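Since the structure comes first, as structure tokens, the remarks are kept for the end.
None of the figures in this text is laboratory data; all of them are computed from the coordinates on show. None of these values were measured; they are calculated from a predicted model. With ideal geometry, Cβ positions are generated from the backbone for all residues, glycine too; neighbour counts draw on all protein chains shown.
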2 protein chains.
Amino acid sequence: MTEKLSTETRGPLLEPLFASGWEMVEGRDAIKKTFVFDNFVDAFGWMTRVAIWAEKWNHHPEWDNVYKTVNVVLTTHDVGGLSTLDAKLARKMDSLAG
Amino acid sequence: MTEKLSTETRGPLLEPLFASGWEMVEGRDAIKKTFVFDNFVDAFGWMTRVAIWAEKWNHHPEWDNVYKTVNVVLTTHDVGGLSTLDAKLARKMDSLAG
């Protein structure tokens, strides 16, 4: 079962993400990051790869896209906050954008 | 060249879109619509088909996605408002969602 991040797990999981540009969303237990690509094909191509992982893991982002920019918010609606799934998907997003 | 919709062309192009659920965005010369699908695969699959047309026509939407819902805003940044391209892409989106 997916569970909300505990006080102990929170730091070790989130600190590396903060170091790679993720931030807390104000007023929500959620993280956000803006990804900027060279053009629309690169932005949407990245979204497509992320989408397949998101569906595979049954964990989907909130995201918007305008041309080459994608804004992402991750949280786990089922647990009302951040879970290990968010950290996992955030790492995958970074890796696919790398 | 793409031009901003004139007073004459505006009605005939936009009225059919309003009839199919498009609305003006408050405070902008832009149109918006929310598309709701059965699930994420259907929502993102539709986005992917739209993305290919958008790139082909070099006219891209502002859009966000949360699971099975996609919110779209269309406007033509180059002309500072709605153009025939927006009507064309809106019709394509409706057709692909049909």
Task: Qualifying GluC sites (Glu not before Pro) for region B:1-50 [loop in DSSP, other Cβ within 10 Å: at most 10] - done: B:Glu26
- [ ] For region A:22-97, report the convex hull volume of the alpha-carbon atoms normalised per residue, in Å³, without decimals.
- [x] 76 Å³
Open item on the list: For a Förster distance of 30 Å, can you work out the FRET efficiency between the beta-carbons of B:Glu8 and B:Trp57, rounded to the nearest 0.05?
Closed with: 0.85
- [ ] Mind pulling the angle between the C-alpha long axis of helix B:40-56 and the longest principal axis of chain B? Nearest 10 degrees, somewhere in 0 to 90.
- [x] 40 degrees
TODO: Springs between alpha-carbon atoms under 10 Å, Gaussian network over chain B: tell me which of B:Ala30, B:Ala19, B:Ala51 tops the mean-square fluctuations.
DONE: B:Ala19
Task: Between 0 and 90°, nearest 10: helix B:7-19 axis offset from chain B longest Cα axis - done: 20 degrees
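Contact order normalised by length for chain B, with contacts defined as Cα pairs under 8 Å and 6 or more residues apart; what percent is it?
Rounded, it is 36 percent for chain B.
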Task: Under 5 Å, built H, 5+ apart or other chain: amide partners of B:Ser83 - done: B:Leu5, B:Thr76
Open item on the list: Can you give the Rg/Rh ratio of the protein assembly as shown, where Rg is from the C-alpha atoms and Rh is the Kirkwood radius?
Closed with: 1.03
Task: Highest to lowest packing among B:56-63, A:67-74, scored as the average C-beta count within 10 Å - done: A:67-74, B:56-63
Task: Value of [θ]222 nm, deg cm²/dmol, for the protein assembly as shown, DSSP H segments ≥ 4, -39500 (n - 2.57) each, nearest 500 - done: -14500 deg cm²/dmol
Task: Over 26 Å between alpha carbons, listed pairs A:Lys92/B:Lys33; A:Lys33/B:Lys88; A:Lys56/B:Lys88; A:Lys68/B:Lys56 - done: A:Lys92/B:Lys33; A:Lys33/B:Lys88; A:Lys56/B:Lys88
Open item on the list: Tell me which of A:Thr84, A:Thr7, A:Leu96 sits at the most positive position along the dipole axis of chain A, charges placed on C-beta atoms (Lys, Arg +1; Asp, Glu -1).
Closed with: A:Leu96
